[in-house]
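**Q** Below you'll find the structure I mean.
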């Protein structure tokens, strides 16, 4: 598979699908009997020609599920351990920048045993960045954290995505994490890549196992076009259209991009634009296709709103009552509080 040389690429799949094995092969920690790995024009492995670059010569950073920090060293000394591996002239990330990006500046004089799990993981990520990697590998870095700690770290990971030009391979089996962070997704199953493509297009495909899960939905990159402080509602304009959605959110500057996810289970359908409802988002859409599992009570409908894909999970009864068919025009309804931004 050929992956983008920038942004965040998610390796997604269930346990045993081959995500971590793929990452370990990239790092040189596992040496398959056959394979070819090239990063930015540099061949790291080519079994046909007998090429194998050892792990310590690959310009990459690796973040594991558990941050392996040196307990006898302070946070500052742990970070310096990553920094000293790189000659000053080759450093792309400095101590101050890494500390600021991960919000760990106030922890520099502490020791790992006095830190929370989330703080330790942020320091592990900062140390990986200080090796100035050409590629950052992250193996389920949030898997060992509870929901509260995950929500603390996710904004920092989003900052890395926005502010550093370092490509990231991110392993996860959480679709919500992938939706918030990834630009590109590779769906793995039993060691094989079932699909690889931009996050928005891939999540909207009905021919992939992603569509069968309870968290099926789409990721949309909107742009802020207004804010109502009285009701704390953002207005977002959908890409390449004049359609707007309102989202319960803190203030953001007009023109700022914002990624959000709309779950299929949070989309209802109507034949008319009914304004007498509490649902704020009512979008004109066209029915594209449907996925109906055998003997299931519900179906998944693929829609498009001015070129933006949407998914709606409704009962088979509702589908038949509405008389849905491909090409039909109707209205999709999405509660403002259901949009995950």
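The values are calculated or read from the model by the stated rules, or taken from the named source; none is laboratory data. On a predicted model such as this, the values are computed, not experimentally measured, just so you know. All Cβ positions, glycine included, derive from the backbone under ideal geometry; neighbour counts span all protein chains shown.
**Q** Could you list, in sequence order, all residues of the stretch 306-331 that are buried (at least 19 other Cβ atoms within 10 Å of the Cβ) and under 25 Å from the mean Cα position of the chain (by Cα)?
**A** 308, 309, 310, 311, 312, 313
**Q** Okay, moving on. Which condition breaks for residue 97 when tested against (1) free of Cβ contacts under 8 Å to residues at least 60 places away in the same chain; (2) in contact with a strand residue (DSSP E or B) (Cβ under 7 Å, 6 or more places away or on another chain); (3) under 20 Å from residue 159 (Cα atoms)?
**A** Looking at each condition in turn, residue 97 falls short on (2).
Each row is one residue, and each column tells you yes or no for (1) touching a strand residue (DSSP E or B) at 6+ places or on another chain (Cβ under 7 Å); (2) in a loop (DSSP other than H, G, I, E, B); (3) without any contact (Cβ under 8 Å) to a residue 60 or more places away in the chain.
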| position | (1), (2), (3) |
| --- | --- |
| 109 | no, yes, yes |
| 119 | no, no, yes |
| 128 | yes, no, no |
| 131 | yes, yes, no |
| 145 | no, yes, yes |
| 149 | no, no, yes |
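**Q** Further question: Does residue 284 meet the test of being more than 20 Å from residue 219 (Cβ to Cβ) and either part of a strand (DSSP E or B) or modelled with pLDDT of 95 or more (or both)? Before you say what the answer is, go through the steps one by one.
**A** Numbers: more than 20 Å from residue 219 (Cβ to Cβ): yes; either part of a strand (DSSP E or B) or modelled with pLDDT of 95 or more (or both): yes.
It is true that residue 284 is more than 20 Å from residue 219 (Cβ to Cβ) and either part of a strand (DSSP E or B) or modelled with pLDDT of 95 or more (or both).
**Q** Within the stretch 247-273, track down each residue that is assigned to a loop (DSSP other than H, G, I, E, B), in contact (Cβ under 8 Å) with a residue 40 or more places away in the chain and loosely packed, with under 15 Cβ neighbours inside 10 Å. Explain how you work it out, then say what you get.
**A** From the stretch 247-273, those assigned to a loop (DSSP other than H, G, I, E, B) are 249-256, 271-273; that's our starting set.
So of that shortlist, the ones also in contact (Cβ under 8 Å) with a residue 40 or more places away in the chain come out as 249, 271-273.
If the condition is that a residue be assigned to a loop (DSSP other than H, G, I, E, B), in contact (Cβ under 8 Å) with a residue 40 or more places away in the chain and loosely packed, with under 15 Cβ neighbours inside 10 Å, then 271, 272, 273 are the ones that fit.
**Q** Report, by residue number, each residue of the stretch 155-174 that is touching a helix residue (DSSP H, G or I) at 6+ places or on another chain (Cβ under 7 Å) and outside any strand (DSSP E or B).
**A** Correct list: 156, 157, 158, 159, 160, 161, 163.
**Q** Can you name every residue in the stretch 227-246 that is buried (at least 17 other Cβ atoms within 10 Å of the Cβ), modelled with pLDDT under 95 and within 21 Å of the chain's Cα centre (by Cα)?
**A** Residue satisfying the conditions is 238 alone.
**Q** Also, quick follow-up: Just checking, does the stretch 101-117 include any residue being closer than 28 Å to residue 39 by Cα and assigned by the TED database to the domain that holds residue 64? Steps first, please.
**A** At the first step, the residues of the stretch 101-117 found to be closer than 28 Å to residue 39 by Cα are 101-102.
From what's left, assigned by the TED database to the domain that holds residue 64: 101-102.
Yes; the residues of the stretch 101-117 include at least one that is closer than 28 Å to residue 39 by Cα and assigned by the TED database to the domain that holds residue 64.
**Q** Kindly establish whether residue 216 is within 20 Å of the chain's Cα centre (by Cα), at pLDDT 95 or above and either crowded, with 17+ Cβ neighbours inside 10 Å or on the phi > 0 side of the Ramachandran plot (or both). Explain how you work it out, then say what you get.
**A** On the way: within 20 Å of the chain's Cα centre (by Cα): yes; at pLDDT 95 or above: no; either crowded, with 17+ Cβ neighbours inside 10 Å or on the phi > 0 side of the Ramachandran plot (or both): yes.
Taking the combined requirement at face value, the residue does not satisfy it.
**Q** Just the residues that are out of contact with any strand residue (DSSP E or B) (no Cβ under 9 Å at 6 or more places or on another chain) and assigned to a loop (DSSP other than H, G, I, E, B), please, taken from the stretch 311-325.
**A** Scanning the stretch 311-325 gives a single hit, 323.
**Q** Taking only the stretch 192-227 into account, find how many residues are part of a helix (DSSP H, G or I) and closer than 15 Å to residue 173 by Cα.
**A** Taking the stretch 192-227 first, the residues part of a helix (DSSP H, G or I) are 199-203, 209-212.
Add one more test, that the residue is closer than 15 Å to residue 173 by Cα, and what stays is 199, 203, 209-212.
Summing the residues that are part of a helix (DSSP H, G or I) and closer than 15 Å to residue 173 by Cα in the stretch 192-227 gives 6.
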